[in-house]
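Heads up: the structure comes next, in structure tokens.
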Amino acid sequence: MNYVPHTAKDRQEMLESMGKSSIEDLFHDIPSELRVKGELPIEGGFSEIELRRLLGGLAKKNQSLDEFVSFLGAGVYEHYVPAFVDQLLLRSEFYTAYTPYQPEISQGTLQNIYEFQSAICELTGMDVANASMYDGASALAEAAIMACEQTRRKEFVISDAIHPEYRDTVKTYTSTLNFTGIPVGYLSGVTDLEAVKTAVTDKTAALVVQYPNFFGNVEDLQALAEVAHEKGALLVVAVADPVSLGVLEAPGNLGADIVVGEGQSFGNPMSFGGPHVGFFASKEKYVRRMPGRIVGATVDTKGQRAFVLTLQAREQHIRREKATSNICSNQALNALAVNMALSALGKSGLQEMSGQCLQKAHYAYNKLIAIPGVEAVFPDQPFFKEFVVKLPKDPEEVNKTLLQDKLIGGLPLKRFYPELDNAVLICVTELRTKEEIDLLADRLGGLI
């Protein structure tokens, strides 16, 4: 089958328009020794049946969470995804609608984004949210930049209890703009409040923290907000797993000025780490400095409800020097999955999901620290669904052995925090059963 759509006549007309008589004449600048003579040295093609067998064999080399029980979290989480979500996302009008370049005729896409923004505001307790960002890490970087520009200050204080890869992303973004991140350590598993009081000054644009933090512990946002606001700084809060907001107080109700995070937990699979969907929300008074775009609701000339791009201060729409950000993509399909999942769950369903995470994580915590040799690293801190324990053996070796029983262990923390040698971050979501948790405890007890 010939996959080239152009006829011989088409090709000849194109050559003549360029003043060339042949294909060889067109490529005469390429040295002859670099050109392939004759047929391309490739094997013959596959039949459809052969191709299916080949690709099927390759696919079987991948192992999924249908086969393994995972206790690994750290920013990417296995949560329940209602069955209808993937089916509806496969509709062509959804997965081919990239972004509303002609917003007036993209009412469905705009409505989806508007409802996504509304859901984010409900979860975070903030006034406004924008269209989806790339992911949680880049959203946090954009938040740090926005805080510096809003306050016209060049420094921000950032907690070491934030996901290390989020911090790396923030550093990459802000360093090119000559904004400086000042790190503050953690104490007993949460941001060191006394160190924050020393670090936050009249030159500080923002205090940046995570809630719950990377260790799974719940930060005291009210106390942190008071320190930041006393010096005229903003409180920026990252939420790596918004499922936690089903049981925790919304950051906006605790003094946060900007709340960003990762929406993967709702309706989006882990999928080898992406694509994901960041979210970004803030108080209304900062709306004109928000990156990306904001969809609003209005009425058309007939008085019917309509959706519009209310603010679009990004490079594709205005001059670069006037743009709030260079973000030029839109995770609308992922955001639609978030909308679908949240619509299916509802408020009571979200509370049930987050409540099960909380209860099962604490059950697992108690089972593991009861094993001789396993120690709680931060025993006095409240946590949501992730916690840190210390093993008497190298966690990397322990995890390799657990894999033989199709158990994916937690994240060894030494590569990010050298002081936490043999410590591992365990994650337990609502999908884990009592039997699976008991199996982890049993196998772990037998290894150490």
Around T204 (Cβ within 10 Å, Cβ-to-Cβ, excluding T204; K/R +1, D/E -1) the net charge comes to +2
Return the loop-located trypsin sites (Lys or Arg not before Pro) in the range 54-116 (DSSP other than H, G, I, E, B) with at most 15 other Cβ atoms within 10 Å of their own Cβ; answer none if there are none.
K61, R91
Exposed loop GluC sites (Glu not before Pro) only (DSSP loop, at most 11 other Cβ atoms within 10 Å): please give the longest stretch of the chain free of them, not including the sites.
68-418
Taking the 0 to 90 degree range and rounding to the nearest ten, how far is the long axis of helix 48-60 tilted relative to the main principal axis of the chain, both from C-alpha atoms?
20
For V184, distant residues with modelled amide H under 5 Å away
I158, S159, D160
Could you tell me which of A205, L193, G296 has its Cα farthest along the dipole of the chain towards the positive end, charges placed at Cβ (Lys, Arg +1; Asp, Glu -1), taken about the Cα centre?
G296
For E165 and D442 in one chain, what is 0.36 nm times their gap in residues minus the Cα-Cα distance, to one decimal in nm?
96.5 nm
Choose one answer from G349, G303, G274: the residue with the largest mean-square fluctuation in a GNM of the chain with alpha-carbon springs under 10 Å.
G303
Stretched out fully, how many nm does the piece from S21 to S47 gain, at 0.36 nm a residue minus the Cα gap?
5.7 nm
Order of D202, D135 from fewest to most other C-beta atoms within 10 Å?
D202, D135
Ranked from fewest to most other Cβ atoms within 10 Å of their own Cβ, M270, M133, M340, M18 fall in the order M18, M270, M340, M133
Please order F384, F71, F46, F266 by the number of other Cβ within 10 Å, starting at the fewest.
F46, F384, F71, F266
For the chain, the percent of all C-alpha pairs falling in each 10 Å bin, from 0 up to the bin holding the max distance, is 4, 18, 25, 21, 15, 9, 6, 1, 0
Charge dipole of the chain about the Cα centre (unit charges at C-beta), most positive-ward option of A240, A225, H79:
A225
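Values in this text are rule-based calculations from the coordinates and carry no lab data. Just so it is clear, the model here is predicted, and its values are computed rather than measured. As a convention, Cβ positions derive from the backbone with ideal geometry for all residues, glycine included, and neighbour counts pool all protein chains shown.
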